[in-house]
Amino acid sequence: MSEIYLNGEYVGTTKEGRELVKSLIAKRRQGVLPWTMNSSYYEEKDEVQINTDGGRVRRPLIVVENGASKLTEAMIAQLREGKLTWQNLVEKGVVEYLDAEEEEMALVAFKPEELTKKHTHIEIDPMMIVGVGASLLVYPEKNRGDRSNYGSRMVTQAVGMYLHNHNLRDDTTAQMLVYPQEPLVQSETIHAAGVDIHPAGQNIIIAVMPFYGYNIEDAIVINKASIERGLGRSYSFRTYVTEANRYWGGQEDEIGFPDPSVRGFKSEKEYNKLDSDGIVSPETNVEGNDVVVGKTSPLRFLGVVKETRLGIKNRRDNSLVVNAGEGGVVDKVIMTESKEGNRLIKVTVRELKIPEVGDKFASRHGQKGVLGIIVPEEDMPFTADGITPDIIFNAHAIPSRMTIGHLLEIIGGKAGALAGEKINGTAFKGNEEYIVKLLKAAGFRDDGKETVYNGITGEKVEASILIGMIYYQRLYHLVSQKMHARSKGPVALLTKQPTEGRSKEGGLRFGEMEKDTLVAHGAAITLRERFSSDKTTIPFCETCGVTAVVDKIKNKTYCPLCKGSKIKNVDMSYAFKLLLDEMKSMMIYPQVVMEEEE
Amino acid sequence: MAEKQNSNFFPPKYADAIVGLSAKEQEAIKKKYESMKFEVGEAIGVVAAQSISEPATQTTLRSYHAEGRTQLVTTKGLPRLIEIFDARKMPKTPTMEIYLDAENNTLEKAREIAAKIRETKLKQLISEDSLDMINMRAEIVLDREQMSASETNVEEIMNILKKNLRSANITGEQNKIYIELKKKDFDVRELQATRIKARTIYIKGIKGISQIIIEKVKNDWVIRTLGSSLRRVLKIKGVNTIRTTSNNIFEVADVLGIEAARNAIVKETIDTMREQGVDTDIRHLLLVADVMTNTASISAIGRYGLAGRKASVLSRANFEETVKHLTYAAVAGEIDPLESVIENIIVGNLAPIGTGIVKLAVKEDEADGKK
């Protein structure tokens, strides 16, 4: 007796489990049962599983009956004319969606040629076995699986034309490539996914060779002239938002040029980009820490009476400031209202990002690299035709990663460029013979290699070099947004230690394990220096061993316990003084016993 | 002359080894030996910790994947290292390596001794057992082959059963044993309980040793066991008492003394690391084993062992359970003399390690004769 489970719950038994599943599937194909239902029979457990719930991953396949596809030529013609729709095919039982469980029972033919009587389904297209992400790549089947996976992940990080209405949008951050191009070697799904009108990369000439060690460890060499022509050039946008809030007691934020008497007023220099209304105009050059919207807010706490009498304004500066280290040109200013009816101002700043040493680039085959050097065009290697590559890519990146698709795209791109046509590189549909034919017709070697001359010495390079065209992407990891160093700088208020993080110009933590390395080397003086960022001198009472009180008015230092004045100054880290304070707060009396330093 | 000098220079253990070498060679050895010594103020503890833990990060976390092999499944890799340094009272998989005396070093003798060692329960010797409802008794049929393998017989088993089952009459014929209750009125439940109890009765061997594998290692027959009982195994005739070891460090300390336990820690650690394909200088492990055993009992490295027993309050508070150590120190009125490394780093002083350990013997103004 086979047990029947509906959505994982036991509902009953039957004598003919296999027959039941068959009839269920037949009913679904007739349209009697919903098309979202899946059913499967487990031989070894003698179980029938029927699933109708949500959350199952399903994929469409063409039904095969008696070794013949149910999708006929006539239907295809009707589809072309628009007389049939996808939904019609599903309703007719020509196409059905299988979930993972039902797929276990199916025998799916990969191509129409392999179709036999045993097959139950056929792929709509061989390319359908990869997902949407991987199908956007070219030659994914020629690469090792993980490389195609990395490649499709890196496509998502590429800078390009992300949307066409970007001029109307106020994204917090956005990146736009200046000259995006449609790839020369394409996949058929590119149009379906809209990637052809939202490209994120450029077709460049690539040479696979070393270049004086400047492209070791996956680095790439870029032609300076190519960058000057606009290769990889991009804009980065950042939108700053401020709102004029209202507070209780009728107080509210004021947008306008702040009065110099306002608390926290920076200096004239930071405000001089502002218009008379306290807001910058579009196309103004701004730098980091510049004010783009002047705003004053009421004080959080009421000030001392003396100050109010002196006529100092009871307001503080709360202006909108460009992030430190960023800047550019004000792209647009949006003045509107928030949901609560407050004034809302958005300022978008655009900054041109020209490729520089350290920026990240990648092909569509998981081959990423950092820009190692920018070389003048006259120093780049050149071919007999006088072609210089835009990018020099290191051949060591190929053997261990086995990205044949990368090499194939170089040759395919070259053929496409010479013939002036797009090359199809869809998964399982690439036509290498055609590429070879195009290359030969243009009078080139069929493996894409050419004799190359050293641009600096003019000597012939002994090996023939693979040179061709490939689609390269600029990824949004830019050095200018990441590099960070500090010698001295801001400290945290509580601990007097350096702040943390790039945005706060912070220090890099020398942690517990790093400390151990210095101990292991016996470098005690270096160790003390590393941990002396918060060094302070603190007066202590010699008799009681507690921190003394400094009375600046009476110019007297005394012990809070014994009121005595036998005080000694002790050098210690401020963090340790905090520890002593914290111990006092938990009723522990940490007495400091002092000894004269030797 | 040089010979005599060098023989004084080296520890007595190595003094003989250098006799007969040329002066140049001796000098080279001396130089190398000198360079291998650590210097005053070197942080040997931190270096040992790093030298063990860095290779340990490379060992796999896999501890068992030995299905289908004639191997004892033992804890390996990082879990085993943690077990050793945490000084667990009982390892997850206690094992023994039993070597045999020179005259007993044959497969037959090894099998004989293995049969004596393996723990045998009655259920392992039974081929059939049932409740005989007509005669109101339990019937146990013994397996002759199993009995001869375990070197026992029906009489012996009957005697053991009689000792253990006081409430029942034990009778037997050939290879059958009958268990009858002494009580007058028959109770099936009690008879069934007695039968089940009889199955688990210990017959022979050493308690706790559940698996045995006999292997030939070079010229020796080695008995590997799962389960460990060093004291009892060493009493068995034919066992080489010098080479036989257990991986249960506490047991080694108990039976052979703390020095043996110290060696066991070193051996277990280095074996575990080498088995995983990583290595470290043995002197780091010697240091760790010394600190673990120098109190004459095995103490763990960690909160309840070494780190919890450090002299300095700040040092202990820096490691774990900060509040506990601070409050206890406050109650006891402890004084931290700031003699070790970490407390001086906390305070902001020069740590007494490496270059920080050097002090002036004569003060400047004293040397000038001002004082």
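Quick rundown of the values:
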read-out	value
Residue match in the range B:231-245 (condition: at pLDDT 85 or above and in contact with a Ser or Thr (Cβ under 7 Å, 6 or more places away or on another chain))	yes
Count of the range B:342-358 residues which are closer than 15 Å to B:R309 by Cα and within 7 Å of another protein chain (Cβ to nearest Cβ)	0
From B:K183, B:K216, B:K235, residue being surrounded by fewer than 16 Cβ atoms within 10 Å (Cβ to Cβ), more than 22 Å from B:T152 (Cβ to Cβ) and either in contact (Cβ under 8 Å) with a residue 40 or more places away in the chain or under 28 Å from the mean Cα position of the chain (by Cα) (or both)	B:K216
Any chance A:D196 is in contact with a strand residue (DSSP E or B) (Cβ under 9 Å, 6 or more places away or on another chain), over 23 Å from A:I354 (Cβ atoms) and of a type in the set (D, E)	yes
Strands (runs of 3 or more DSSP E) enclosed by the range A:197-279 - at least 3 residues per element that are at pLDDT 90 or above and touching a helix residue (DSSP H, G or I) at 6+ places or on another chain (Cβ under 9 Å)	A:202-208
Criterion (in a helix (DSSP H, G or I) and more than 14 Å from chain A (Cβ to nearest Cβ)) met by exactly one of B:V266, B:V323, B:V278	B:V266
Leading residue by the ranking (farthest from the other protein chains (Cβ to nearest Cβ)) among those in the range A:477-496 that are out of contact with any helix residue (DSSP H, G or I) (no Cβ under 7 Å at 6 or more places or on another chain) and polar (S, T, N, Q)	A:S480
Spans of helices (runs of 4 or more DSSP H) in the range A:51-154 with at least 3 residues within 25 Å of A:M402 (Cβ to Cβ) and within 32 Å of the chain's Cα centre (by Cα)	A:132-135
So B:E97, is it part of a helix (DSSP H, G or I), at negative phi and either within 14 Å of another protein chain (Cβ to nearest Cβ) or at pLDDT 80 or above (or both)	no
Residue match in the range B:290-308 (condition: modelled with pLDDT under 90 and either within 30 Å of A:E596 (Cβ to Cβ) or in contact with a His (Cβ under 6 Å, 6 or more places away or on another chain) (or both))	no
Selection within the range A:228-268 - within 21 Å of A:E337 (Cα to Cα) and charged (D, E, K, R)	A:R238, A:E243, A:R246, A:E252, A:D253, A:E254
Residue within the range A:465-486 that is of a type in the set (A, V, I, L, M, F, W, C) and free of Cβ contacts under 8 Å to residues at least 12 places away in the same chain present	yes
Check on A:G67, over 26 Å from A:G131 (Cα atoms) and either out of contact with any strand residue (DSSP E or B) (no Cβ under 9 Å at 6 or more places or on another chain) or loosely packed, with under 12 Cβ neighbours inside 10 Å (or both)	yes
Residue check for B:D290: crowded, with 16+ Cβ neighbours inside 10 Å and farther than 30 Å from B:I212 by Cα	no
Residue in the range B:86-133 that is nearest to B:G302 (Cα to Cα), counting only those that are acidic (D, E) and touching a Phe, Trp or Tyr at 6+ places or on another chain (Cβ under 8 Å)	B:E119
Candidate set from the range A:466-496 (those that are of a type in the set (V, I, T) and at pLDDT 95 or above); member that is surrounded by the most Cβ atoms within 10 Å (Cβ to Cβ)	A:I470
Pick from the range B:243-259, criterion surrounded by fewer than 20 Cβ atoms within 10 Å (Cβ to Cβ) and not β-branched (V, I, T), ranking: farthest from B:V291 (Cα to Cα)	B:R243
Top-ranked residue of the range B:20-55 - restricted to ones that are under 30 Å from B:R80 (Cα atoms), of a type in the set (S, T, N, Q) and out of contact with any Ser or Thr (no Cβ under 7 Å at 6 or more places or on another chain), ranked as farthest from the other protein chains (Cβ to nearest Cβ)	B:S53
Total residues in the range B:142-157, condition exposed (fewer than 15 other Cβ atoms within 10 Å of the Cβ) and not small (G, A, S)	7
Test set (1) at pLDDT 70 or above; (2) part of a loop (DSSP other than H, G, I, E, B); (3) closer than 30 Å to B:L234 by Cα; (4) out of contact with any helix residue (DSSP H, G or I) (no Cβ under 8 Å at 6 or more places or on another chain) - B:P91 fails condition number	(4)
Residue count for the range A:70-86, restricted to those that are surrounded by 10 or more Cβ atoms within 10 Å (Cβ to Cβ) and within 24 Å of A:L115 (Cα to Cα)	9
Top-ranked residue in the range A:243-300 [being basic (K, R) and without any contact (Cβ under 8 Å) to a residue 60 or more places away in the chain; ranked as surrounded by the most Cβ atoms within 10 Å (Cβ to Cβ)]	A:K295
A:G430 vs. criteria modelled with pLDDT under 95 and closer than 18 Å to A:K224 by Cα	no
Which listed residue is touching a Ser or Thr at 6+ places or on another chain (Cβ under 6 Å) and surrounded by 15 or more Cβ atoms within 10 Å (Cβ to Cβ), from A:V208, A:V138, A:V195	A:V138
Within the range A:364-482, strands (runs of 3 or more DSSP E) holding 1 or more residues that are charged (D, E, K, R)	A:368-375, A:465-474
Spans of strands (runs of 3 or more DSSP E) in the range A:500-576 with at least 1 residues within 19 Å of A:P490 (Cα to Cα) and facing chain B (nearest Cβ under 9 Å)	A:535-541, A:567-573
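Per-residue answers, yes or no, for (1) surrounded by 15 or more Cβ atoms within 10 Å (Cβ to Cβ); (2) away from chain A (no Cβ under 14 Å):
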| residue | (1), (2) |
| --- | --- |
| B:G305 | yes, yes |
| B:S312 | yes, no |
| B:V331 | no, no |
| B:P337 | no, no |
| B:S340 | yes, no |
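The values are calculated or read from the model by the stated rules, or taken from the named source; none is laboratory data. No experiment lies behind these values; they were computed from the predicted model shown. Virtual Cβ from ideal backbone geometry, glycine too; neighbours counted across all protein chains shown.
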